[in-house]
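All remarks here apply to the structure that follows.
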Amino acid sequence: MMPDNPYLPILADFEIVPQGKEQFDEAEVLEMLTKQIAWMLETKTEFLFSLLYRLDVDERLVRRAMDPSEETPAAAGLARLVFDRQMARMQTKRDIRVDDIDPDLAW
């Protein structure tokens, strides 16, 4: 069983299952995401953009990352956007606690 790794949910969204290593750093996660996103840009473009929408990655930033005049390759730029957005979401979940709903008020 793999130890609790904060990056696993990010990788799971992109159907990435790390093999042979239990812990990895930000650079390794970005590399895995970049490779997967590059593959998705070639083979599953609609699915990729649907996933970016579902993950609430800012559309303006996606367009900028996809701009051919950008110095950073599109897949690497999108990987960074995904990583940053997912890390922000995890931080929000840690910072904001929602009380349980009173069963009498629940639908």
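Pick from region 57-68 the residues that are under 14 Å from ARG80 (Cα atoms) and not in a helix (DSSP H, G or I): which of them is farthest from the chain's Cα centre (by Cα)?
ASP58
Do the conditions hold for GLU46, that is, is it touching a helix residue (DSSP H, G or I) at 6+ places or on another chain (Cβ under 7 Å) and of a type in the set (Asp, Glu)?
no
Consider MET90 against the criteria (1) of a type in the set (A, V, I, L, M); (2) surrounded by fewer than 16 Cβ atoms within 10 Å (Cβ to Cβ); (3) in a helix (DSSP H, G or I); (4) over 12 Å from the mean Cα position of the chain (by Cα): it satisfies all of them except one. Which criterion is unmet?
With respect to (1) of a type in the set (A, V, I, L, M); (2) surrounded by fewer than 16 Cβ atoms within 10 Å (Cβ to Cβ); (3) in a helix (DSSP H, G or I); (4) over 12 Å from the mean Cα position of the chain (by Cα), MET90 is out only on (4).
Collect the residues in region 38-75 that are farther than 18 Å from ILE10 by Cβ, of a type in the set (Gly, Ala, Ser) and out of contact with any Asp or Glu (no Cβ under 9 Å at 6 or more places or on another chain), keeping them in residue-number order.
Answer for region 38-75, where residues must be farther than 18 Å from ILE10 by Cβ, of a type in the set (Gly, Ala, Ser) and out of contact with any Asp or Glu (no Cβ under 9 Å at 6 or more places or on another chain): just SER69.
Modelled with pLDDT of 95 or more, at negative phi and part of a helix (DSSP H, G or I): does that describe ILE37? Spell out the reasoning first.
Details: modelled with pLDDT of 95 or more: yes; at negative phi: yes; part of a helix (DSSP H, G or I): yes.
It is true that ILE37 is modelled with pLDDT of 95 or more, at negative phi and part of a helix (DSSP H, G or I).
Among what's in region 68-83 and is out of contact with any helix residue (DSSP H, G or I) (no Cβ under 7 Å at 6 or more places or on another chain) and surrounded by 11 or more Cβ atoms within 10 Å (Cβ to Cβ), pick the residue that is nearest to MET40 (Cα to Cα). Walk me through it before giving the result.
Kept after step one, since they are out of contact with any helix residue (DSSP H, G or I) (no Cβ under 7 Å at 6 or more places or on another chain), are these residues of region 68-83: 68-69, 71-73.
Then keep just the ones that are surrounded by 11 or more Cβ atoms within 10 Å (Cβ to Cβ); that gives 72-73.
Details: THR72: 17, PRO73: 14 Å.
Among those residues, the one meeting the criterion is PRO73.
Output the residues belonging to region 45-56 that are part of a helix (DSSP H, G or I), in contact (Cβ under 8 Å) with a residue 24 or more places away in the chain and surrounded by fewer than 18 Cβ atoms within 10 Å (Cβ to Cβ).
LEU51, the sole residue that qualifies.
I want to confirm something. Restricting to region 1-19 and keeping residues that are outside any helix (DSSP H, G or I) and either at pLDDT 95 or above or of a type in the set (Val, Ile, Thr) (or both), which single residue is nearest to the chain's Cα centre (by Cα)? Lay out the reasoning, then the answer.
Initial filter on region 1-19 (outside any helix (DSSP H, G or I)): 1-7, 14-19.
From the residues that got through so far, the ones that are either at pLDDT 95 or above or of a type in the set (Val, Ile, Thr) (or both) too are 16-17.
Values: ILE16: 11, VAL17: 14 Å.
It comes out as ILE16.
Picking from GLU42, GLU22, which residue would you name as being surrounded by fewer than 16 Cβ atoms within 10 Å (Cβ to Cβ) and either within 12 Å of the chain's Cα centre (by Cα) or part of a loop (DSSP other than H, G, I, E, B) (or both)?
On the way: GLU42 fails: either within 12 Å of the chain's Cα centre (by Cα) or part of a loop (DSSP other than H, G, I, E, B) (or both).
Sole residue among the options that is surrounded by fewer than 16 Cβ atoms within 10 Å (Cβ to Cβ) and either within 12 Å of the chain's Cα centre (by Cα) or part of a loop (DSSP other than H, G, I, E, B) (or both): GLU22.
The values are calculated or read from the model by the stated rules, or taken from the named source; none is laboratory data. The structure presented is a predicted model; accordingly, all values stated were derived computationally and were not measured. Positions of Cβ are backbone-derived with ideal geometry, glycine not excepted, and every protein chain shown enters the neighbour counts.
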